[in-house]
Structures are given as structure tokens and as C-alpha cells.
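J.: This structure is in C-alpha cells; I'll ask about it shortly.
The values are calculated or read from the model by the stated rules, or taken from the named source; none is laboratory data. Note that this is a predicted model, so its numbers are computed, not measured. Cβ coordinates were reconstructed from backbone atoms using ideal geometry, including for glycine residues, and neighbour counts include every protein chain displayed.
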Amino acid sequence: MALFPEGNNGAVQDLANKGIKKAVNYGSNYLNNKLSYGLNYARQFVRQYDVLGILPEEWSILDESGEKAFNFDTFQSADVKKESKVTSMPVENGSFTSYNMVQAPKELNCMISKHGFVPDLMAFVDALMAYVDSTNLVTIVTPEYEFENMKITKFNYTRSADNGVDVIYAELSCIEIREVTSQFTNVRVGGKRSRGVQQGKEISGLKGLLSYF
């Protein structure tokens, strides 16, 4: 249905109808984009600050007690590696089993950022150094997977005027520690058997002297 009645100047009216429709579509798309952006921003804000403390963490690094290992602002990226190593020797057809394969520990490299004043940044760097030097493990939480028993083996950070003097971008290298439980078996040890009194052999002095040479 035309927005203007048809008449002799139908070409102008048709052009006007198309322009109005285009403006309406543009305005609708603009509002939808702004609404989507606003909802995403609000969602990130609520999850970051978690005012009520009831939302699950989507991106976080937790210590062994389930609390945040250290304070940071943003999870920038995560690079995950998982592989299995198999024997390079030929195996019989159909005989490939689990003992021909060794599962390598998971590896994860991630980048996090921290904003703040110098004392806040110093505390952030000190916490990372402490985790690298200790045997403490962390759990790295992502929306699709939780990486447990991860050891932070290395970290490096950058601080530049381009990114802002009040922000640190730290890259963490983590590897999975695969712990096992020791198992022991009780074995009954037989008692000593008595062989009686053993009589020593007599060796003559001459024979002993000859054996010396």
C-alpha cells in the first residue's frame, strides 16, 4: 500500500514512498543495534561487578579454595592446546589400543589486563610472580570449559603509553598438572628359616699361605 495517493506525479510519490520506507528501516535497525549494544554492555557490567554476588563466573582464574586467585579487570584472550602422542612404530592392524597413546597435559595461554594506580598494579604483578614461584594450582574458568589443576609456569606483561600508563596486559602460560593417587598393596613376607649351626671349614696354614700367592 502506497504511503501517498497515486496521481499524475506517480514517479515522485513512488520515490517518496521508497525514501520513507528506507528511513523507517534504517531507524529500526539503528534502534535494534543500540538496544543490543546496551543489553550486552549491561550484561557485561553486571557480570563484572556482580552486585548481588549470585551470577556464575564466565571468565575467571580461581585458586584452590574456589576464590579469585588475584584481581584483574578483563580476560582479553585464551589459546588452548590439547594433544595426544602416539607411537611412531607400526602396529598390527586392529591392535591400536590406549597403551599405544599418551595423553599430553592441557596447555593454555591467556592474556588478562589490570587497570589502576601504581599500588594496584604492583599488587597484581606481585601476585603473578608468587604463583609462578609456588606450587599452587589454579582453575581457569571460560564459558565453555573449566581448566582445573593448571600451573602458571610463566608470565610476561607489557605497559606502554599507547595502551595507557595505568593498565597492564599480562600473558600467562599455564600447563595442566596431572596428579594421581598412590596405591599400596600389603604383601606377607615369610619369616627367616633357621639353617642350624654352620661349621666352618678348616684351612691348613700351608694352603692358606699358597692361596695368598
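J.: Go through Asn71, Asn9, Asn100 for me and flag whichever is at pLDDT below 90, out of contact with any His (no Cβ under 9 Å at 6 or more places or on another chain) and either of a type in the set (A, V, I, L, M, F, W, C) or over 27 Å from Glu176 (Cβ atoms) (or both).
T.: Asn9
J.: Do you know which residues across the stretch 80-97 are surrounded by 11 or more Cβ atoms within 10 Å (Cβ to Cβ) and modelled with pLDDT under 65?
T.: Scanning the stretch 80-97 gives a single hit, Phe96.
J.: Hey, another quick one. Out of (1) of a type outside the set (Ser, Thr, Tyr); (2) within 15 Å of Asn71 (Cβ to Cβ); (3) surrounded by 12 or more Cβ atoms within 10 Å (Cβ to Cβ), the odd one out for Glu171 is which?
T.: Only one criterion in (1) of a type outside the set (Ser, Thr, Tyr); (2) within 15 Å of Asn71 (Cβ to Cβ); (3) surrounded by 12 or more Cβ atoms within 10 Å (Cβ to Cβ) is unmet by Glu171, namely (2).
J.: Looking at (1) modelled with pLDDT under 90; (2) within 14 Å of Phe155 (Cβ to Cβ), which is the only condition Met111 fails?
T.: Against the list (1) modelled with pLDDT under 90; (2) within 14 Å of Phe155 (Cβ to Cβ), Met111 comes up short only on (1).
J.: Go through the stretch 122-146 and give me each residue that's surrounded by fewer than 17 Cβ atoms within 10 Å (Cβ to Cβ) and part of a loop (DSSP other than H, G, I, E, B).
T.: Answer for the stretch 122-146, where residues must be surrounded by fewer than 17 Cβ atoms within 10 Å (Cβ to Cβ) and part of a loop (DSSP other than H, G, I, E, B): Ser134, Thr135, Asn136, Thr142, Pro143, Glu144, Tyr145.
J.: List the number of the failed condition for Lys154; all other conditions in (1) part of a strand (DSSP E or B); (2) surrounded by 14 or more Cβ atoms within 10 Å (Cβ to Cβ) hold.
T.: (2)
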